[in-house]
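Notes for the one structure printed next.
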Amino acid sequence: MKNQLENYNRELIEQIYQKERVGEMDMEGKVEKKVSKDIEVLEEYKKLVNFIQFIASNKQYTLSISSTLSGEGVTHTSVNLSKAIAQMLMADVLLIDVNLSRPAVHKYFGRSLTPGLLEIIEGKILAENVLKNSELPNLYVLPAGHPTPDSSKLIRSEKMLFLLEELKSRFNYIILDCPAFLVNADASVLSSFADGVLLVVKAGVTSRELISKALSQLKEREKVIGVVLNEVESYIPEWLSRFLK
Amino acid sequence: MKEFLEVIFRRKRLFIIPFLVIFLIPSIFSFFFLRTYEASALLWVDSDTALSRLALNQTGGGGSLPAARYLETLTQLLESRTFIERVVNKTDLKGKVKTARELSKIKARLKAFSVGPNTIKVVYYGRNPVLAKQIVQATTEEFVDWNLEFIQKENAATISFFESQLELSKKKWEESRKALQKFKEKHPETELLEERKLTLSPIKTGATPQVKLEFDRLQKEYEYTSKMLESAIDDLAQAKVTAEVKLYKQKRLFRIIDPPRVPATFSRKKLLLPIAVSFFLALAFSLGLVTFVEWMDQSIKTEEEASKTLDIPVLASIPKISGE
């Protein structure tokens, strides 16, 4: 049973961190050390998935993931969380890149930016033709599409809302990879389309003041389900940590 | 403790760089530019002589160790401006030290302490090794000379006292002799009285009882002053001998068993203080800086901090993976 669980964890880690691990497999010493760290990461994602499962209560759930400023790890968290939900809950998951100013989801899956969300809203292409599953059969990815001057207007429009409603009927979980609250006003509008908002906070970077400011921009504050503290570092060396324990 | 260490390790650059700058710059400067040389001399104080015991009693030391008592004297002398001036005048600094501040500096660097029951160590720390040696040498010589002078003055005072006593005795003897002589000339019959005293024969002198009485008195006074004079002469002679002996022994009371030498290397002991001071200053400054920067930094770093300051739950705390 223990071995099964370990194998499952290892597979899941490899799924989540596929890119990072490929490059490090030949560095034996480092890999072992990294695995323990990966397990820690996995445990955190498990906690997060369990929580989302709990609040979703077996219903369709749309989660918007955002941060205060850019570069705090929203896309990374969105991608990893989507994979974790797809793996752990065996549910159909759709990850939509709604960060039109800095689209990045497609890069994680080796896809092209277009055709994507914007092309569907504009009616240039049908969603069925764009939605493709990733390396996981139940995880679908929708790239942002080619941005135009009207992109922001389109993404705030009713068309977007209708599209989301349509997609909700097909996927158990929809993850919206949103822009930062204090950088792009789309974030607060997109958050209103979701059932819950997850705020990514980069440890040691995001200040309390900025978080308060970002939260104040939200129309429905109660939608914020919680915070994911990203890139938490332990600076105390391992030998000293063990001694302090 | 863990939180404190976490902050220190997180801000390690901010801690290490100012620490190294504040610690290393003064330390390197001290090492190269504040080198101090230590010159010392070891002085033996003889405890077997009666004189040393006498000297101890004079300084009120009773039965204490000779080195301790003389060390006390030397320590007090080192506080004296005149003594330091005399020391300085025996060195290359003669005529160069003019202000009280310069003298105080020399005073502060000159130390004396006991290293055994009979030994006193005189030490000087200075930038110039030759001068350091000269100052220690001059101090020991001055101290020995000072003690010798002390005895000489004491001897002179004693002899002077006995000489004055002799003068007084002489004067009294002369007066009594003259009075007796004068009485004899006035009363020739006193000669027969003297003869009768010597021969014990019943010679009739023809002297009245009053003359006899006065003659006896004058004669007794003369005899008494003569004895006093002899005693004063003896006392003076004895005092002179004693003074000679005291001086002789005083000259042998101190021996320089380790004469001062020009130090070949600088003293490492003296470097410890600036290094220790800069270490603690550097530590205090770096810790202060880290604390200040940490206090100014409003960012959220740990799950505990986020839970405390934000009114929304922390659902996950994703550790950073190197290369991520």
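One table, with the values for the structure above:
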{"item": "Listed peptides A:127-133, B:99-105 by packing density, highest first (mean Cβ within 10 Å)", "result": "A:127-133, B:99-105"}
{"item": "Pairwise burial B:A, computed as accessible area of each alone minus the pair, summed, 1.4 Å, Å²", "result": "3300 Å²"}
{"item": "Sulfur and carbon atoms: percent of accessible area, the stretch B:220-288 [1.4 Å]", "result": "63 percent"}
{"item": "Within a Gaussian network of chain B (alpha carbon springs, distance under 10 Å), most fluctuating of B:THR36, B:THR158, B:THR199", "result": "B:THR199"}
{"item": "Solvent-accessible area of B:MET1 with every protein chain in place, 1.4 Å probe, in Å² to the nearest 10", "result": "150 Å²"}
{"item": "Mean residue ellipticity (222 nm) of chain B, computed from DSSP H runs ≥ 4 via -39,500 (n - 2.57), nearest 500", "result": "-23000 deg cm²/dmol"}
{"item": "Share antiparallel - DSSP beta bridges, the protein assembly as shown, percent rounded to 5", "result": "40 percent"}
{"item": "Beta bridges per DSSP with both ends in the stretch A:2-244, % antiparallel, nearest 5", "result": "5 percent"}
{"item": "Where labels lie 7 Å past Cα in the beta-carbon direction, separation of B:LYS96 and B:THR265 in nm", "result": "2.7 nm"}
{"item": "At least 10 Å² of accessible area lost relative to the chain alone, listed for the stretch A:212-231 with a 1.4 Å probe", "result": "A:LEU215, A:ARG221, A:VAL224, A:ILE225, A:GLY226, A:VAL227, A:VAL228, A:LEU229, A:ASN230, A:GLU231"}
{"item": "Counting all C-alpha pairs of the stretch A:2-244, share separated by more than 23 Å (%)", "result": "51 percent"}
{"item": "Average accessible area per residue (Å²) across the stretch B:1-51 - probe 1.4 Å, nucleic acids and ligands excluded", "result": "60 Å²"}
{"item": "Selected from B:PRO263, B:PRO209, B:PRO66 as most flexible by GNM, with chain B as the system and alpha-carbon contacts under 10 Å", "result": "B:PRO209"}
{"item": "Evaluated over the stretch B:159-251, the Cα radius of gyration and Dmax, each in Å", "result": "19.4, 67"}
{"item": "Set of the stretch B:169-196 residues, backbone N closer than 18 Å to the point 7 Å along the Cα-Cβ line of B:ASP234", "result": "B:169-170, B:173"}
{"item": "Segment A:ASP150-A:LYS213, length gained on full extension (0.36 nm per residue, minus Cα span)", "result": "20.0 nm"}
{"item": "The stretch A:146-165 residues near the modelled A:SER101 label - backbone nitrogen below 16 Å, point 7 Å along Cα→Cβ", "result": "A:147-156"}
{"item": "Two-site FRET efficiency, B:VAL241 against B:LYS220, from Cβ-Cβ distance with R₀ of 30 Å, rounded to 0.05", "result": "0.40"}
{"item": "Difference of contour (0.36 nm per residue) and Cα-Cα distance, B:PHE29 to B:ILE256", "result": "78.1 nm"}
{"item": "FRET efficiency, B:SER299 to A:ASP195 (Cβ-Cβ, R0 25 Å, nearest 0.05)", "result": "0.30"}
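The values are calculated or read from the model by the stated rules, or taken from the named source; none is laboratory data. Note that the coordinates shown come from a computational prediction; the quantities given were computed from them, not determined experimentally. No Cβ is skipped: glycine too gets one built from the backbone with ideal geometry, and neighbour counts run over all protein chains shown. In case anyone asks, the SASA skips ligands and DNA or RNA and just uses the protein heavy atoms, side chains included. Shrake-Rupley method; radii C 1.70, N 1.55, O 1.52, S 1.80 Å.
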